[in-house]
Amino acid sequence: MARKLSGLLINDSIVSVEQMEDALQRQVVFGGRLGTILLELGLVSEPQLLHYLALAHELMPAGENTYQNIDPDAIHLLDPDEVQDLGFLPVRLYPDGTADALVLNPMEPETLLNLSEQTGYDFVLHILPEFRFRQAMSHFFGIPLPQRLVRMLERHPLQLTVGEPSGAQETPPSLDDQFRNLGVGWELQDLETY
């Protein structure tokens with residue numbers, strides 16, 4: 001999906017063609033995801049990256065509220081190796097049988113169906129940048145972070161917090177409310193045109 005992300009950023013004049021070419025060359029040399037490289041180079045802000053990842057992958061963005069009061073029951077629905085392999089971390093469970101999950105990529109429908117059958121929850125996917133996902137893996141499962149991501153987290157601090165177990169969670173907010181709470185100036189109806 002990197003081409004679509006790169007195309008969106010170039011088309012909206014967030015990043016020039018030359019800057020994108022430099023970022024893609026660095027990706028070949030240093031590895032990692034394009035979004036990580038763009039953040040490292042200071043070519044995009046984290047809110048911009050999140051916005052364009054959501055557009056590129058047609059998923060809900062993981063706003064800061066998604067990282068707060070994470071449900072300890074949700075975190076342990078899956079084995080840490082499975083979480084890492086899938087790039088899929090459940091973070092909130094609701095009484096109606098739905099759950100929020102942080103993801104690095106869209107999920108294949110069959111994989112998502114298998115996860116729903118395995119856990120008993122229907123998941124709402126929230127995409128986030130690679131370094132935030134790795135931050136969660138480090139914080140909750142003790143998986144070491146590469147030095148490169150440690151430096152990035154120092155420049156972009158955000159505290160992950162654990163909240164109450166799932167029995168205390170409210171019904172999930174509407175999609176309109178989730179977008180409104182992001183504070184980046186766009187609404188759900190804005191995405192419907194993409």
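The values are calculated or read from the model by the stated rules, or taken from the named source; none is laboratory data. Note that the structure is a prediction, hence the values are computed from the model and not measured. For neighbour counting, all protein chains shown are included, and Cβ atoms are generated from backbone atoms with ideal geometry for every residue, glycine included. Heavy atoms of the whole protein, side chains included, go into the accessibility calculation; ligands, DNA and RNA do not. Shrake-Rupley method; radii C 1.70, N 1.55, O 1.52, S 1.80 Å.
Key figures for this structure:
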{"item": "Packing-based ranking, highest mean first, of 147-158, 131-142 given that Cβ atoms within 10 Å are counted", "result": "131-142, 147-158"}
{"item": "Solvent exposure of the range 40-88 as accessible area per residue, Å², 1.4 Å probe", "result": "41"}
